[in-house]
Amino acid sequence: MEINLLLIFIFSVVGILDTSYLIYHMVRKTPVKCFLFPKEWCLKVQQSKQSKTFGIPNPIAGFLIYSAILLLFFLYLSGSAPFFFIQILIAIGFLFSIYFVFVQAFILRAFCTWCMLSAVNFVIMAVAAFLH
């Protein structure tokens, strides 16, 4: 398997694990562990009004897009789906990630480790998808 496809596979799985962790804490109404940043920052991001987009909690939307990318990845490998659909979903995730980093930096003035992990995931997947 070529390296670009392997990166998309790995980082979509990492994204599913990341968003699953966030969903778990969202459902349990417990704070996430905050590495690299003050724990208050993660809590601020987790409880902000920007933690939902169009009424959908961001971790759920992220889980759905990562899962769809992974599903399309396997369909692409089997010859059942064009790669273009994967590129579209990755582009959407990438653009939302840029927006959420902007929100954290300039509106909330707080960063969440798990949100930044997702942003890094989408940067790597975007590069891989568009170099494929």
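The values are calculated or read from the model by the stated rules, or taken from the named source; none is laboratory data. Computed from a predicted model, the values in this text were never measured in an experiment. For neighbour counting, all protein chains shown are included, and Cβ atoms are generated from backbone atoms with ideal geometry for every residue, glycine included. Side chains included, ligands, DNA and RNA excluded: accessible areas come from the protein's heavy atoms. Shrake-Rupley method; radii C 1.70, N 1.55, O 1.52, S 1.80 Å.
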Which of the helices (runs of 4 or more DSSP H) contained wholly in the range 10-116 include at least 3 residues that are of a type in the set (Val, Ile, Thr), out of contact with any Leu (no Cβ under 7 Å at 6 or more places or on another chain) and modelled with pLDDT of 95 or more?
83-102
Quick one: which of ALA105, ALA126 is within 18 Å of LEU5 (Cα to Cα) and open to solvent by less than 40 Å² (accessible area, probe 1.4 Å)?
ALA126
How many residues are open to solvent by 60 Å² or more (accessible area, probe 1.4 Å) and either within 24 Å of ALA129 (Cβ to Cβ) or in contact (Cβ under 8 Å) with a residue 24 or more places away in the chain (or both) if we restrict to the range 27-45?
6
Return the pairs, sorted by first residue and then second, in which the second residue is surrounded by 18 or more Cβ atoms within 10 Å (Cβ to Cβ), the first residue lies in the range 89-116 and is β-branched (Val, Ile, Thr), the beta carbons are less than 6 Å apart, and the residues are 6+ apart or on different chains.
ILE90/MET125; ILE90/ALA126; ILE90/ALA129; VAL101/ALA119; THR113/CYS34
How many residues does the range 1-26 hold that are open to solvent by 30 Å² or more (accessible area, probe 1.4 Å), without any contact (Cβ under 8 Å) to a residue 60 or more places away in the chain and over 26 Å from SER78 (Cα atoms)?
4
